[in-house]
Each structure stands twice: as C-alpha cells, then as structure tokens.
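Report on one structure; see the data block that follows.
The values are calculated or read from the model by the stated rules, or taken from the named source; none is laboratory data. Note that the structure is predicted; figures quoted are calculated from it, not measured. Positions of Cβ are backbone-derived with ideal geometry, glycine not excepted, and every protein chain shown enters the neighbour counts.
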Amino acid sequence: MLTGLKCSRCSKKIDAPVCILCMTDSMESWFDNKKISLHKAFKEEVRNFMNKSTKGRRVTCDICRSQTNYNVCQACFTKHIFTWLGNQDKKLAVEFVKRFTESSSRLIA
C-alpha cells in the first residue's frame with residue numbers, strides 16, 4: 001500500500017493513483033462524443049499541464065498499471081481542464097463539470 005503519496009498541486013493525499021493519460025482517456029471520449037472542435041486544443045492543454053507539473057515519486061497507475069512520476073490527483077487535473085474549458089466555452093464547461101465530478105460546487109468554489 002502507498003503511504004504518504006501527495007498531489008504535487010494541492011498536497012492532498014492520493015489514495016488511488018491514476019496517471020494523467022488514463023484521466024485523459026475518458027475526457028477525450030467525451031470530447032469525441034460532443035463532436036466539438038476543441039479536441040486538438042484539449043490534447044495540447046494536457047501536454048501543457050504535464051510540462052508544468054512537478055514530477056514526484058514513481059508510482060503505478062491503478063487503472064493501466066503503467067509507471068508515472070506525475071503525482072496529480074484527479075480533482076486537480078479535472079479542475080485544470082474545467083478552468084481551461086471555461087475560458088473556451090462556458091456552456092461546455094458546465095456540462096464537463098457535471099460529467100467529471102461528483103460535486104461541481106467543490107471545483108467552482
């Protein structure tokens with residue numbers, strides 16, 4: 001069991017690490033289903049996020065089992081994409097936050 005793994009963005013404990021690529025997969029499917037023109041820009045934003053993220057300790061993704069050094073929690077990644085999308089299209093951002101969070105008020109606050 002992992003002990004002491006914390007998000008490099010918010011410093012909260014990460015109980016079940018999920019790599020950025022796995023977090024991105026379901027979001028990419030959502031963009032595809034919406035048939036929106038922001039899909040390419042979304043991929044670029046994910047790359048920017050990764051480039052700006054601090055690498056941490058090597059952990060195994062709970063979904064794909066790959067090794068990653070990006071210790072970012074799902075809430076921080078989702079919030080980042082939500083904020084980016086809000087700057088692109090506020091209506092889509094509202095749909096996004098409803099789809100990818102249990103509590104949208106947590107991210108908007």
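Would you check which residues across region 59-91 are crowded, with 19+ Cβ neighbours inside 10 Å, among the aliphatic types (A, V, I, L, M) and modelled with pLDDT under 90 and list them?
none
Out of Glu44, Glu28, which single residue is loosely packed, with under 13 Cβ neighbours inside 10 Å and part of a helix (DSSP H, G or I)?
Details: Glu28 fails: loosely packed, with under 13 Cβ neighbours inside 10 Å.
From the options Glu44, Glu28, the qualifying one is Glu44.
Kindly indicate whether Asp32 is within 14 Å of the chain's Cα centre (by Cα) and under 15 Å from Phe96 (Cα atoms).
Against the criterion (within 14 Å of the chain's Cα centre (by Cα) and under 15 Å from Phe96 (Cα atoms)), Asp32 does not qualify.
When only residues in region 63-91 that are in a helix (DSSP H, G or I), among the aliphatic types (A, V, I, L, M) and out of contact with any helix residue (DSSP H, G or I) (no Cβ under 6 Å at 6 or more places or on another chain) count, which is nearest to Ile36 (Cα to Cα)?
At the first step, the residues of region 63-91 found to be in a helix (DSSP H, G or I) are 74-88, 90-91.
Still in the running and among the aliphatic types (A, V, I, L, M): 75, 81, 85.
Filter once more, so that each one left must be out of contact with any helix residue (DSSP H, G or I) (no Cβ under 6 Å at 6 or more places or on another chain): 75, 81.
Working: Ala75: 23, Ile81: 15 Å.
Checked region 63-91; the qualifying residue nearest to Ile36 (Cα to Cα) is Ile81.
Exactly one condition in (1) at pLDDT below 90; (2) more than 14 Å from the chain's Cα centre (by Cα) is false for Thr101; which is it?
Every condition holds for Thr101 apart from (2).
Enumerate the pairs (first residue in region 48-70 and farther than 17 Å from His80 by Cα; second residue anywhere and surrounded by fewer than 11 Cβ atoms within 10 Å (Cβ to Cβ) and of a type in the set (Lys, Arg)) with beta-carbon separation below 8 Å, excluding pairs fewer than 6 apart on the same chain, so at least 6 apart or on different chains.
Note: pairs meeting the criteria are Gln67/Arg58; Thr68/Arg58; Asn69/Arg58.
Taking the residues in region 1-25 that are modelled with pLDDT under 90 and of a type in the set (S, T, N, Q) as candidates, determine which candidate is surrounded by the fewest Cβ atoms within 10 Å (Cβ to Cβ).
Thr3
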